[in-house]
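A quick write-up on the structure given underneath.
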Amino acid sequence: MSDTGSDSDDAVEPELRDDAMGRFPVPAFDDLPEDLRTRIAEATERAGFTPNVFSAFAYKPSHFRAFFDYHDALVEDTALEREEIELIVVAVSGVNHCYYCNVAHGALVRIYADDPTLADQLIANYRTADINETHRTMLDVAVKLTERPDAIEPVDLERLREAGFSEEAIWDIGAVTAYYNMSNRMAAFAEMRPNDEFHTLGR
């Protein structure tokens, strides 16, 4: 869901912060199953800190495993570029007013797009952001699926084909959009808060 995509030179110990979410208790790292401790340690090593989404979902280990397994499938087995995935995440999270994902994935947009202002544009109004027409079409469909899922029609998929997306990529656009709508809602429900470090990454 959100590591920073960067490596840290110094080993950092995992830290599950009590303030990672406001409405449920954050478990102690040492009380977690071994596979969760391993996954969190790996994420902490990559990012240089423990992203709070790991601390929050550790509340229920079976859901943690399913959540991050699907995340990994979305970013590893995909016809989309990682930048395109993060564009979808931030546009969708902007519509949903998801504080956690706006900040955490805003950092990833800055890193993968190598652009310090694009995430802010997407959150405010993706329609006026500095993106190409192919990506604007992609985000049009992702936001429509977010706001009016019952209004999705074959013409929406045809627009994506005309924009140059393969059938697999079109599936992936829908899957990423659906996953992060769920993620946004859990973040809001649990009152997950982004790590301070995310605010400055990629600027």
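Structural remarks
- Accessible solvent surface per residue of the range 81-203, calculated while the other protein chains remain in place, 1.4 angstrom probe, Å²: 47 Å²
- In the chain, helical runs assigned H by DSSP with n ≥ 4 each contribute -39500 (n - 2.57); averaged across all residues and rounded to the nearest 500, the mean residue ellipticity at 222 nm is -19000 deg cm²/dmol.
- Three-way shape call for the range 101-168 based on the alpha-carbon gyration tensor, with the a/c threshold at 1.5: prolate
- Point-charge dipole on Cβ atoms (K/R +1, D/E -1) for the range 75-157, about Cα centre, debye to 20: 300 debye
- Neighbour net charge for Phe165 - beta-carbon separation under 11 angstrom, K R +1, D E -1: -4
- Between amide H atoms placed 1.01 Å from N, distances below 5 Å from Met192 occur with Gly22, all of them 5 or more places distant or on a separate chain.
- Overall, the anisotropy analysis places the range 67-180 in the rounded class: the square-rooted eigenvalues a ≥ b ≥ c of its C-alpha gyration tensor yield a/c less than 1.5.
- Coupling constants for the range 63-68 follow from the phi torsions by the Karplus curve (6.51 cos²θ - 1.76 cosθ + 1.60, θ = phi - 60°), and in residue order they are 6, 4, 4, 5, 4, 7 Hz; glycine and proline get x.
- Cα gyration tensor shape for the chain, rounded if a/c is under 1.5, else prolate or oblate: prolate
- Among residues other than Met21 with Cβ under 13 Å from its Cβ, the summed charge is +1 (Lys and Arg +1, Asp and Glu -1).
- Net charge over other residues, Cβ less than 15 angstrom from the Cβ of Ile152 (K, R count +1; D, E count -1): -2
- Expressed as a whole percent, the accessible area of the range 109-203 that falls on carbon and sulfur atoms is 53 (1.4 Å probe).
- In a simple Cβ point-charge model (Lys, Arg +1; Asp, Glu -1; nothing else charged), the range 7-154 has a dipole of about 680 debye relative to its Cα centre.
- Using θ = phi - 60° and Karplus 6.51 cos²θ - 1.76 cosθ + 1.60, couplings along the range 167-179 (whole Hz; Gly, Pro as x): 4, 5, 5, 5, 4, 5, 4, x, 5, 5, 4, 5, 4
The values are calculated or read from the model by the stated rules, or taken from the named source; none is laboratory data. Since we're looking at a predicted model, the values are computed, not measured. A quick note on method: Cβ atoms are made from the backbone with ideal geometry, for glycine too, and the neighbour counts reach across all protein chains shown. These area figures cover heavy atoms from the full protein model, side chains too; ligands, DNA and RNA do not enter into them. Shrake-Rupley method; radii C 1.70, N 1.55, O 1.52, S 1.80 Å.
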